[in-house]
1. Could you give every pair whose Cβ atoms fall below 6 Å, whose first residue belongs to the range 87-107 and is closer than 14 Å to residue 137 by Cα, and whose second residue is part of a strand (DSSP E or B), counting only separations of at least 6 or pairs across chains?
2. Quickly run through the range 99-133 and pick out the residues that are in a helix (DSSP H, G or I) and more than 15 Å from residue 166 (Cα to Cα).
3. Search the range 108-137 for residues that are under 30 Å from residue 55 (Cβ atoms) and pair each with any residue that is among the basic types (Lys, Arg) and crowded, with 18+ Cβ neighbours inside 10 Å when their beta-carbon atoms are under 6 Å apart and the residues are at least 6 apart or on different chains.
4. Sort out which residues of the range 134-174 are part of a strand (DSSP E or B) and of a type in the set (A, V, I, L, M), and write them in order of number.
5. Give just the number: which of (1) over 29 Å from residue 127 (Cα atoms); (2) out of contact with any Ser or Thr (no Cβ under 9 Å at 6 or more places or on another chain); (3) open to solvent by less than 60 Å² (accessible area, probe 1.4 Å) does residue 52 not satisfy?
6. Go through (1) under 23 Å from residue 147 (Cβ atoms); (2) touching a His at 6+ places or on another chain (Cβ under 8 Å) one by one and return the number of the condition residue 48 breaks.
7. How many residues are open to solvent by 100 Å² or more (accessible area, probe 1.4 Å) and of a type in the set (S, T, N, Q) if we restrict to the range 150-181?
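The values are calculated or read from the model by the stated rules, or taken from the named source; none is laboratory data. Because the structure is predicted, anything quoted here is derived from the model rather than measured. Virtual Cβ from ideal backbone geometry, glycine too; neighbours counted across all protein chains shown. These accessible areas exclude ligands, DNA and RNA; they are computed on the full protein's heavy atoms, side chains included. Shrake-Rupley method; radii C 1.70, N 1.55, O 1.52, S 1.80 Å.
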Amino acid sequence: MEVAPFINSPTIPQTIQTPKKLTHLNANLHPTMVDVSHKESTIRKATACGKITMSQEAFLSVVEEKNKKGPVLQTAIIAAIMGAKKTSDLIPMCHPLLLSGIECNIKEDKESCAFWLFVEVKNQGNTGVEMEALSGVSIGLLTIYDMVKAIDKEMCISDIMLLQKSGGKSGDFVNTHIQER
């Protein structure tokens with residue numbers, strides 16, 4: 001039985017050039033973790049946010065702290081911190097980082113029955129902390145969903161984005177596609 005007859009096919013290129021922009025592939029097109037040892041160690045900071053929208057009943061159970069699973073927002077903040085710290089365990093090519101600070105803030109949006117979660121992550125190192133901030137937001141919002149899903153399974157997690165970052169070779173970044181939150 002011929003397992004892979006297409007391997008020697010003349011229509012399949014025998015050598016493939018790696019595009020220079022794909023930093024997580026080596027010359028043999030195998031996944032690799034980017035070597036950042038040559039990068040300068042600088043103070044790096046990133047802030048990300050995201051939103052979870054829910055029914056009024058679910059929103060009030062959180063605001064009034066009447067959720068049977070406990071304090072939802074406080075638990076979400078702890079989860080966001082843990083999510084940021086565990087980013088390299090969750091995303092294959094992320095470097096394990098020694099984080100120097102994680103700050104979380106939750107803003108209520110009563111009109112939309114929503115919560116905005118903001119996560120700021122800091123370190124001094126040779127690679128950025130954008131993924132840690134984004135992971136923290138994602139895990140924090142998923143925690144809210146988990147704790148409130150008995151009341152509202154139709155909650156919507158949205159608008160997860162990097163707001164800003166500083167430090168490193170690429171310098172500062174501010175997301176210009178967002179409105180004042």
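1. 102/121; 103/120; 104/119; 105/118; 106/115; 106/117; 107/116
2. Step one: list which residues in the range 99-133 are in a helix (DSSP H, G or I), which gives 110-112, 130-133.
Residues satisfying the conditions are 110, 111, 112.
3. 114/51; 116/51
4. Of everything in the range 134-174, those that are part of a strand (DSSP E or B) and of a type in the set (A, V, I, L, M) turn out to be 157, 160, 161, 162, 163, 174.
5. Just one mismatch for residue 52, condition (2).
6. Among (1) under 23 Å from residue 147 (Cβ atoms); (2) touching a His at 6+ places or on another chain (Cβ under 8 Å), the lone unmet condition for residue 48 is (2).
7. Of the residues in that region, 2 qualify.
Yes/no matrix, rows are residues, columns are (1) open to solvent by less than 70 Å² (accessible area, probe 1.4 Å); (2) modelled with pLDDT of 95 or more; (3) in a loop (DSSP other than H, G, I, E, B):
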{"position": "48", "(1), (2), (3)": "yes, yes, no"}
{"position": "80", "(1), (2), (3)": "yes, yes, no"}
{"position": "92", "(1), (2), (3)": "no, no, yes"}
{"position": "97", "(1), (2), (3)": "yes, no, yes"}
